[in-house]
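Here is the structure we will look at, set down as structure tokens.
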There are 2 protein chains.
Amino acid sequence: MSVETMTQPLRHTDPGLSQRIAESALARDGGVMRDNQFWQWLRERRQHQLQRVTRVPFAELRDWRFRPDTGNLCHSSGRFFSVEGLRVSTDFGPVSKWTQPIINQPEIGILGIAVREIDGVLHFLMQAKIEPGNINGVQLAPTVQATKSNYTRVHRGAAVPYLETFRDPPPDRVITDVLQSEQGAWFYRKRNRNMVVEVGPEIEAGEDFCWLTLGQLYRLLRVDNLVSMDARTVLSCLPYIPSVGTHKPLGAAIARSADWSTGGLCTTSEILSWITARQTAQELTVLPIPLREVDGWRCDPWAISHELGLYFSVIAVQVESNRREVTKWSQPLLAPCGLGMVAFLVKRFEGVLHVLVNARVEPGYMDTVELAPTVQATPSNYVHLAPENRPPFLDVVLCSRPEQILFDVELAEEGGRFHHAQCRYVIVEVDDDFPEQVRPEFRWMTLHQLSRLLMHSHYLNVQARTLVACLRGLA
Amino acid sequence: MSVETMTQPLRHTDPGLSQRIAESALARDGGVMRDNQFWQWLRERRQHQLQRVTRVPFAELRDWRFRPDTGNLCHSSGRFFSVEGLRVSTDFGPVSKWTQPIINQPEIGILGIAVREIDGVLHFLMQAKIEPGNINGVQLAPTVQATKSNYTRVHRGAAVPYLETFRDPPPDRVITDVLQSEQGAWFYRKRNRNMVVEVGPEIEAGEDFCWLTLGQLYRLLRVDNLVSMDARTVLSCLPYIPSVGTHKPLGAAIARSADWSTGGLCTTSEILSWITARQTAQELTVLPIPLREVDGWRCDPWAISHELGLYFSVIAVQVESNRREVTKWSQPLLAPCGLGMVAFLVKRFEGVLHVLVNARVEPGYMDTVELAPTVQATPSNYVHLAPENRPPFLDVVLCSRPEQILFDVELAEEGGRFHHAQCRYVIVEVDDDFPEQVRPEFRWMTLHQLSRLLMHSHYLNVQARTLVACLRGLA
């Protein structure tokens with residue numbers, strides 16, 4: 001080969017990138033937009049983005065109908081998403097066979113955050129975005145959040161701002177680009193493309209957008225219902241190295257946990273082998289079925305609900321908004337019953353923080369198992385089951401003392417599909433006598449091990465990804 | 001936390017392991033079993049393992065029947081596997097919609113090789129194993145090859161030797177443990193657990209087994225139809241670092257390609273982003289359907305075949321064997337039409353060998369896309385299509401000059417499911433003027449980048465895994 005035919009030298013992944021991300025995380029008091037400016041801007045956005053959400057019976061849904069052959073609730077275009085049925089049998093958990101409604105959304109959407117270096121610090125372009133299911137209207141969302149139906153404009157609405165940044169970016173500007181799953185109890189094999197792309201000064205913040213440092217975002221994660229689920233999952237997929245310079249023992253334990261040169265209780269190949277064993281051990285058979293064949297659920301003109309009032313309902317809403325691609329539409333939403341509890345138990349081993357991770361089976365995952373928080377449960381769904389079927393470690397979280405609680409915030413799940421879906425996200429540091437050896441479906445992992453897995457699809461579920469982002473913010 | 005509660009120090013993955021594997025690869029002339037002993041042993045195994053395979057009409061299958069409701073061909077236990085139908089629509093390839101028969105085998109089997117250090121060198125415990133679909137009877141297989149139906153002994157046959165080595169091994173003895181897919185055109189979401197486990201002197205070779213070095217195995221890969229598909233896929237998942245000390249330019253280019261400190265034309269994060277983009281770009285909808293609803297295929301008493309005589313047939317055989325867990329049984333087999341062509345195009349860039357990899361859609365994959373060889377096609381399946389639909393680069397392979405061909409061997413696919421399925425596996429070094437920029441569904445990757453992906457499930461398809469093992473053997 002002559003040297004002349006080479007157009008591109010051989011390259012490694014940019015070693016300075018992690019450092020630049022760490023520096024952005026250190027800018028906790030803000031960059032170009034100071035904190036007081038941010039709150040002022042958010043207040044204005046909340047005043048400007050108006051939305052009226054009215055619950056309606058299914059019969060008043062425009063462009064949505066129950067298909068006569070299957071009973072599935074579908075959009076007339078055949079696009080967006082549909083509510084269908086699922087038949088599940090598994091040897092995991094207290095219930096071995098059931099049917100349920102589930103959202104089928106085969107399209108892969110884009111969740112993208114643009115980052116730009118301003119005054120030498122990386123800033124993240126965040127969007128003030130209202131969604132019909134949000135309990136409080138506007139939340140802080142990624143720069144772009146678009147399904148294929150959105151960006152191919154099936155709804156014939158306005159174009160999605162900044163979309164082109166994520167459609168075909170120059171390869172060396174892409175910081176994160178990975179498919180990740182969403183709630184496997186509510187979605188059938190849904191995943192989104194989580195992207196972070198670096199841009200130049202040609203990209204400026206429109207009026208619903210603002211540039212924030214990673215340090216600011218980490219602090220805003222501690223505010224109830226502010227940083228959206230979509231923003232949290234994208235942030236969790238950032239390549240992460242710890243901020244240096246902290247002298248607090250907890251921050252140092254987190255930084256050591258995130259450092260690639262630190263070992264763990266298990267090696268990475270032991271973790272991968274354990275995941276393989278869990279994928280193999282657990283039987284799960286999942287079959288999409290017509291919604292009309294779902295047992296134990298009843299459909300009335302206003303809702304599809306479980307006959308014991310558990311889990312969730314499917315409802316219908318009409319939405320009027322002054323800020324979306326389309327200003328008036330109606331759609332189904334999934335309304336969970338009860339407040340979810342999502343918690344990491346963490347413990348320091350040799351001064352290195354470890355997270356207790358659960359290999360969890362959910363019927364809507366692409367594969368059988370994904371790694372989940374130590375506890376992920378809606379306590380009210382367990383009231384009809386025997387006490388021995390209560391989720392492991394739930395009572396450890398509920399009975400933890402205040403000084404053990406490192407993080408405790410109510411965060412909202414995706415308001416475009418879920419109605420007022422919230423979970424309490426908690427990080428609890430367990431006592432010294434908490435056992436190192438635990439049940440076979442749990443393992444202690446370092447933050448670095450979790451971050452490595454986050455470069456790949458479908459290892460960590462969406463709840464665990466939120467907690468990884470929150471934990472990094474504690475460093 | 002008090003130090004007393006610690007039972008296990010924090011650990012890294014064993015840094016000496018790769019070196020020990022590399023040393024085994026250098027032992028090309030054999031370890032405890034010299035080459036002439038091996039051939040003698042194999043000859044004896046072929047004389048001792050007797051099998052008679054007789055083609056029969058479906059009506060003579062024992063314990064198998066077409067289910068009256070679906071037409072699916074199933075075992076009476078409901079276990080093993082079944083032949084069902086699949087409805088596919090995709091925007092990839094020349095045909096956008098079709099139905100086809102497919103093998104559904106939801107159980108995850110174990111493909112395991114035991115390794116043991118003998119006289120300071122790692123040896124691999126290989127099995128002489130006969131399968132009904134093998135063109136030549138006995139091939140060289142992993143130590144254990146067992147579906148769950150086998151090892152839970154649904155067939156009430158003899159126990160599987162060495163199975164316990166792989167059932168619950170000590171975590172620090174596991175070298176490889178990863179789920180990998182098999183042929184996505186013939187299997188629906190089938191995958192097996194590829195395992196390599198280190199054992200001690202308590203494990204000895206039974207009469208159908210022998211200890212071989214990795215260097216011996218690499219040389220045996222160059223023999224037609226000797227190393228089985230299952231053995232090849234397990235070998236490909238070994239953590240690999242190159243043998244040092246070669247002075248030949250090709251060997252040095254392969255060694256540099258496998259070295260973690262060498263860069264590539266694309267960075268690893270660019271490769272991951274490209275894979276994400278291909279998963280997203282390509283639409284694939286796959287729906288299991290009853291076999292009786294498959295169009296374009298006809299079922300007669302002896303075969304289910306495509307009406308143009310293309311692709312494959314499903315046939316039935318009766319087997320008598322003196323060496324399997326069960327000595328007499330009957331089963332369906334999938335008989336492909338025509339010889340497959342599987343090829344890597346490789347090229348040196350700055351003295352580093354790169355492999356041209358294809359992001360390929362097959363309906364039976366867990367996800368839409370897996371990385372495949374540059375060419376993977378059965379040329380006779382394309383005769384009815386327009387010339388522009390010939391697979392890309394097929395003619396580059398077919399027209400390559402002898403001095404460009406680094407590897408050219410006929411290897412057999414899994415003889416437990418496929419009847420006389422063979423492919424010609426070829427590695428061709430392209431000329432200097434072959435373009436670096438290629439179609440969007442192809443990328444040049446280093447052997448190190450491929451090896452890193454092989455630590456995870458479902459990145460490389462089974463044909464690419466075979467070629468990775470073969471390419472390493474050329475170093």
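The values are calculated or read from the model by the stated rules, or taken from the named source; none is laboratory data. Just so you know, these numbers come straight off a predicted model, no measurement behind them. Methodologically, a virtual Cβ is constructed for each residue, glycine included, from the backbone with ideal geometry; neighbour enumeration extends over all protein chains shown.
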> Of the residues B:Pro9, B:Pro15, which is without any contact (Cβ under 8 Å) to a residue 12 or more places away in the chain, over 30 Å from B:Arg472 (Cα atoms) and either of a type outside the set (Asp, Glu) or out of contact with any Asp or Glu (no Cβ under 8 Å at 6 or more places or on another chain) (or both)?
Replying inline: B:Pro9
>> I need every pair where a residue in the stretch B:338-357 that is more than 30 Å from B:His419 (Cα to Cα) has its Cβ under 8 Å from the Cβ of a residue that is at pLDDT below 95 and among the basic types (Lys, Arg), sequence separation at least 6 or different chains.
In response: B:Gly351/B:Arg256; B:Val352/B:Arg256; B:Leu353/B:Arg256
> Do you know which residues across the stretch B:282-298 are in contact (Cβ under 8 Å) with a residue 60 or more places away in the chain and more than 9 Å from chain A (Cβ to nearest Cβ)?
Replying inline: B:Gln282, B:Leu284, B:Val286, B:Ile289, B:Pro290, B:Leu291, B:Arg292, B:Glu293, B:Val294, B:Asp295, B:Gly296, B:Trp297
> So which pairs qualify, if the first residue must be in the stretch A:188-208 and small (Gly, Ala, Ser), the second must be modelled with pLDDT of 95 or more, the Cβ gap must be under 7 Å, and the two must be at least 6 apart or on different chains?
Replying inline: A:Gly200/A:Arg116; A:Ala205/A:Leu125; A:Ala205/A:Trp211
> Among the residues of the stretch B:320-330, is there at least one that is within 30 Å of A:His458 (Cα to Cα), in contact with a Leu (Cβ under 9 Å, 6 or more places away or on another chain), in a strand (DSSP E or B) and at pLDDT below 95?
Replying inline: no
>> If I go through the stretch A:382-411 residue by residue, how many of them are closer than 30 Å to A:Thr147 by Cβ and crowded, with 19+ Cβ neighbours inside 10 Å?
In response: 1
>> Just to be sure I understand, how many residues within the stretch B:282-310 are assigned to a loop (DSSP other than H, G, I, E, B) and either among the small types (Gly, Ala, Ser) or more than 30 Å from A:Gly109 (Cα to Cα) (or both)?
In response: 12
> Given B:Glu207, B:Glu283, B:Glu202, B:Glu198, which one is more than 26 Å from the chain's Cα centre (by Cα) and not small (Gly, Ala, Ser)?
Replying inline: B:Glu202
> Do we have B:Asn104 as touching a helix residue (DSSP H, G or I) at 6+ places or on another chain (Cβ under 6 Å) and under 18 Å from B:Leu333 (Cβ atoms) here?
Replying inline: no
> Within the stretch B:167-248, which strands (runs of 3 or more DSSP E) (wholly inside it) include 1 or more residues that are within 30 Å of B:Phe312 (Cβ to Cβ)?
Replying inline: B:174-181, B:191-199
> Looking at the stretch A:442-475, which of the residues that are crowded, with 19+ Cβ neighbours inside 10 Å and of a type in the set (D, E, K, R) is nearest to the other protein chains (Cβ to nearest Cβ)?
Replying inline: A:Arg443
> Is it the case that B:Phe80 is within 25 Å of B:Arg323 (Cα to Cα), of a type in the set (Phe, Trp, Tyr) and at pLDDT below 95?
Replying inline: yes
>> Suppose we keep only residues that are among the β-branched types (Val, Ile, Thr) and touching a Lys or Arg at 6+ places or on another chain (Cβ under 6 Å) within the stretch A:179-200. Which one would you say is nearest to A:Asn104 (Cα to Cα)?
In response: A:Val197
> Taking the stretch A:283-310 as the region of interest, how many residues are at pLDDT below 95 and closer than 18 Å to A:Tyr188 by Cβ?
Replying inline: 6
>> Condition first: of a type in the set (S, T, N, Q) and over 19 Å from B:Trp41 (Cβ atoms). Now tell me which residues in the stretch B:111-144 satisfy that.
In response: none
> Within the stretch A:412-441, restricting attention to residues that are hydrophobic (A, V, I, L, M, F, W, C) and touching a Lys or Arg at 6+ places or on another chain (Cβ under 7 Å), which residue is surrounded by the most Cβ atoms within 10 Å (Cβ to Cβ)?
Replying inline: A:Val430
>> So the check is Cβ under 9 Å with 6+ separation or different chains; which pairs have a first residue in the stretch A:426-442 that's closer than 10 Å to A:Asn358 by Cα and in contact (Cβ under 8 Å) with a residue 40 or more places away in the chain and a second one that's among the aromatic types (Phe, Trp, Tyr) and part of a loop (DSSP other than H, G, I, E, B)?
In response: A:Glu441/A:Phe92; A:Phe442/A:Phe393
> Only one of these conditions is not met by A:Leu345: (1) in contact with a His (Cβ under 7 Å, 6 or more places away or on another chain); (2) within 14 Å of chain B (Cβ to nearest Cβ); (3) surrounded by 22 or more Cβ atoms within 10 Å (Cβ to Cβ); (4) of a type outside the set (D, E, K, R). Which number is it?
Replying inline: (1)
>> For the stretch B:261-281, which positions are more than 9 Å from chain A (Cβ to nearest Cβ) and of a type in the set (D, E, K, R)?
In response: B:Arg278
>> Can you go through A:Asp208, A:Asp177 and tell me which one is in contact with a helix residue (DSSP H, G or I) (Cβ under 7 Å, 6 or more places away or on another chain) and closer than 30 Å to A:Gln37 by Cα?
In response: A:Asp208
> Wholly within the stretch B:1-114, which strands (runs of 3 or more DSSP E) include no fewer than the required count, namely at least 1 residues that are of a type in the set (Phe, Trp, Tyr) and within 26 Å of the chain's Cα centre (by Cα)?
Replying inline: B:97-104
